[in-house]
Amino acid sequence: MAVREGILVPGADSARACPRRVALLGSTGSIGTSCLEVIESLPERLEAFGLCAHTRWEALLEQARSFRPRFVAAMTGEAARQLAGKLPPDCQLLIGEEGLAELVAQPEVDVVLAAVVGAAGLTGTWLALEAGKTVAVANKETLVMAGPLVMELAGRRGARVLPVDSEHSAIFQALQAGLAAPSPPTPLPQGEGSQVSQVRRVVLTASGGPFRGKKRSDLENVSVEEALRHPTWRMGPKITVDSATLMNKALEVIEARWLFGLSPDQIEVIIHPESIVHSFVEFKDGSVLAQLSPPDMRLPIQYALLYPERVEGPARRLDWSELSTLTFEQPDAQTFPALELGYEVARRGGTCGAVLNAANETAVSRFLAGELGFLDIPRVCRAVLDEHPYSARPTLSELHALDRWARQEVVRWTRTNMCSVTA
Ligand code: NDP
Ligand code: MG
């Protein structure tokens, strides 16, 4: 028996479908390169149909030469100039947002992996959903910024949103296993009478990051290098800093709220330093299902790309002889105030997600540039969130405008507060 697009097809093993064609947005990043490893190891099942990146054109060129995609989209004029004339002969160069729109809407594209970092990732996901595609979403900022609009668009266009973030993939996998009649999440089933009404709560696990166990006074002067030393995951710099502040978990609470249609008080967070249990789902009857695997993003990426099929892939296996203890502890809300910001934003919704996300992105880049202290990241996010003109049902263009406003506010806050510290 074979599985095709969620349908069991008896006796269809011999007539295997052609590989799923993937449009990979953010191909040069950490998720992007992990995705290419999955594609490389499963050539009969997956094909890199289109690649898209931003500044690292040399890496993009190398990827194009190895994977021979039909399209390469360069998001900057400089990258496009550098790539012109250098791509393999059968590979078409697309440029900027128009090029991105052309790539994701290609009729041959089966699945789009959204692995751009930050709010910049919203455009590709939006265009792909408008084109009715299945989108595997790693870019959590898209859901934080515009979750209700994104899920509504998916529903309207008959498109699918599949989670890639390891915790959300774990929840999704547990839901598939635990519910009587699992169905593809387009949008994920919501509300009374839906399958999620059988869920009592979900528990997102967090490694705790490099500063687990520290107190606030220990964190005032931490360096960029210390914040980037994540104990269990190798990721891009933005999400690594987010993991150190626990803002990553705050963003994931908001992501889970919109993706699964849960209320914020159904979402809990627990620290689990080993990063083996990726999340729990507790059902109404008290049964709890979890998904376990080593910390390796190739597994949730593969699950989303090949959903609902499971085949042998490149992800690492659990070694039960080495695994002796799984530990869990409560998060320290005093030391890591970002987490409470996530709950507040998940409760208020509206414009809050776009503002928190933009403030955090700017604060993290300022921290990485040495212009802000580590504890200033949640401080400035709180200040900008409190100041913003809240609205409960914003349009997409209002969210974009607030994104720009929040970024400017962080710059202003940094100038004022950092000057007064050094004066
Ligand atoms: P990286 O910083 O490693 O990579 C980011 C990618 O986005 C690069 O390919 C970069 O291109 C591209 N990019 C950046 N800005 C733009 C833009 N304006 N337009 C188009 N492309 C752009 O990030 P990660 O791979 O770590 O993370 C990607 C997303 O996945 C994030 O949202 C993160 O939260 C999420 N995620 C990541 C996990 C991980 O393990 N890394 C785990 C779970 C979620 P270039 O390099 O060419 O400039
Ligand atoms: Mg995660």
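Quick notes on this one:
- Assuming charge only on the beta carbon of Lys and Arg (+1) and of Asp and Glu (-1), the dipole of region 263-324 about its Cα centre is about 220 debye to the nearest 20.
- Candidates 266, 63, 334, ranked by Gaussian network fluctuation over the chain, Cα under 10 Å, top entry: 334
- Most simply put, the chain has about 30% antiparallel DSSP beta bridges, counting only bridges with both residues inside it.
- Taking Cα centre as origin and charging only the Cβ of basic (Lys, Arg, +1) and acidic (Asp, Glu, -1) residues, the dipole magnitude of the chain rounds to 320 debye.
- Accessible area of residue 388 in the full protein assembly, 1.4 Å probe (Å², nearest 10): 10
- Surface composition of region 24-98: carbon plus sulfur atoms contribute 47% of the solvent-accessible area (1.4 Å probe, protein chains only, all chains present).
- Taking every full run of DSSP H in the chain, the ones that stretch at least 30 Å from end to end by Cα along their long axis and average -1.0 or higher on the Kyte-Doolittle scale are 396-422.
- Radius 9 Å from Cβ of residue 374, net charge of other residues (Lys, Arg +1; Asp, Glu -1): -3
- Remark: accessible surface ordering of 167, 220 (largest first) is 220, 167, probe radius 1.4 Å.
- Accessible surface ranking for 33, 55, 1.4 angstrom probe, highest first: 55, 33.
- Ordered by solvent-accessible area of protein heavy atoms (1.4 Å probe), largest first, the residues 81, 298, 316 come out as 81, 316, 298.
- Of the whole protein surface, residue 18 contributes about 90 Å² of accessible area at a 1.4 Å probe radius.
- Cubic angstrom per residue, convex hull over Cα atoms of the chain: 151
- Surface accessible to a 1.4 Å probe, per residue, for the residues of the chain, Å²: 42
- Among residues other than residue 116 with Cβ under 13 Å from its Cβ, the summed charge is 0 (Lys and Arg +1, Asp and Glu -1).
- Taking all protein chains together and rolling a 1.4 Å probe, residue 232 ends up with roughly 40 Å² accessible.
- Carbon-plus-sulfur accessible fraction, region 311-423 (probe radius 1.4 Å, protein heavy atoms only): 52%.
- With K and R counted +1 and D and E -1, the other residues having a Cβ less than 9 Å from that of residue 294 yield a net charge of 0.
The values are calculated or read from the model by the stated rules, or taken from the named source; none is laboratory data. None of the values given here were measured: they were computed from a predicted structure. Positions of Cβ are backbone-derived with ideal geometry, glycine not excepted, and every protein chain shown enters the neighbour counts. Note: areas computed on protein heavy atoms with side chains; ligands, DNA, RNA excluded. Shrake-Rupley method; radii C 1.70, N 1.55, O 1.52, S 1.80 Å.
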